[in-house]
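Please read the structure below before turning to the comments.
Readers should treat all values here as calculations from the given coordinates under stated rules, not as data from a laboratory. For clarity, every value in this text was computed on a predicted model and none was experimentally measured. Glycine also receives a Cβ, built like all others from the backbone with ideal geometry; neighbour counts cover every protein chain displayed.
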């Protein structure tokens, strides 16, 4: 019995020695806590964003660093706790996106190059310059809100459907006025206007959504002020697309 007990003890000791010497166990013994990533440390950074063509502040530009973001204020100023080693990206409709590394003094002023805008002239002679990439055709559904699209939803006088992309339109000639069109919506008075296409074609169009009594608007971001405006087509004298 004593001999058997001694043999079991020897075997157990040998197995323990093998386990301790195995790469897996040894690796577990040597494993250290992974150091925090460089981006875990943040440093306060600030600056100013201006328009490259006129030095005016770019309002409501999005400033992004990693997974955090902020927006520029009415003076184009911004401040952000930027993770170390992270670039900063500046973006907004109507402008080319800019990405910059953080300077050592933690002050980053950038200029953004503007993109072509949509010129809108109202019947009151008030004008708006809208960012093209934000400009959309829309109609207002009561109690639900606006439905927006980059293409218009029209009907030609012959009753055919017409949905041109905004990039294919050269000019909208308004204001849109109530008219009759049995071919487009029988027993209704939709709004009618005229479109001049970049292809050179011109045609009268009826706003299909007005057949159902919906208000139709042009929505877009005011390039200078940075806010979104909703302009009724029956108040718009002309829209010139870039």
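Based on Cα contacts under 8 Å between residues 6+ apart, segment 162-219 shows a relative contact order of 28 percent. Between segment 193-242 and segment 125-170, the alpha-carbon centres lie 5 Å apart. Looking at the square roots a ≥ b ≥ c of the eigenvalues of the Cα gyration tensor of segment 147-223, which shape do they give, rounded for a/c under 1.5, prolate if a/b is larger than b/c, or oblate? Because a/c hits 1.5 or more and a/b fails to exceed b/c, segment 147-223 counts as oblate. Only alpha carbons enter this Debye calculation for segment 113-242, each as an equal point scatterer, and the log10 of I(q)/I(0) it gives at q = 0.09, 0.12, 0.15, 0.17 Å⁻¹ is -0.24, -0.42, -0.66, -0.86.
Hey, what's the per residue convex hull volume over the C-alpha atoms of segment 38-112, in cubic angstrom?
Details: hull volume 5.6 nm³, N = 75.
So the per-residue hull volume is 75 Å³.
Taking a point 7 Å out from the Cα of residue 41 in the direction of its Cβ, the residues of segment 75-98 whose backbone N falls within less than 17 Å of it are 81-87.
Simple spin-label estimate for residue 68 and residue 84 gives 1.4 nm between the two label positions (7 Å along the Cα-to-Cβ direction from each Cα).
Which of rounded, prolate or oblate describes segment 67-165 when judged by the alpha-carbon gyration tensor and an a/c cut-off of 1.5? Before the final figure, lay out each step's value.
Numbers: a/c = 2.78, a/b = 2.41, b/c = 1.15.
Prolate.
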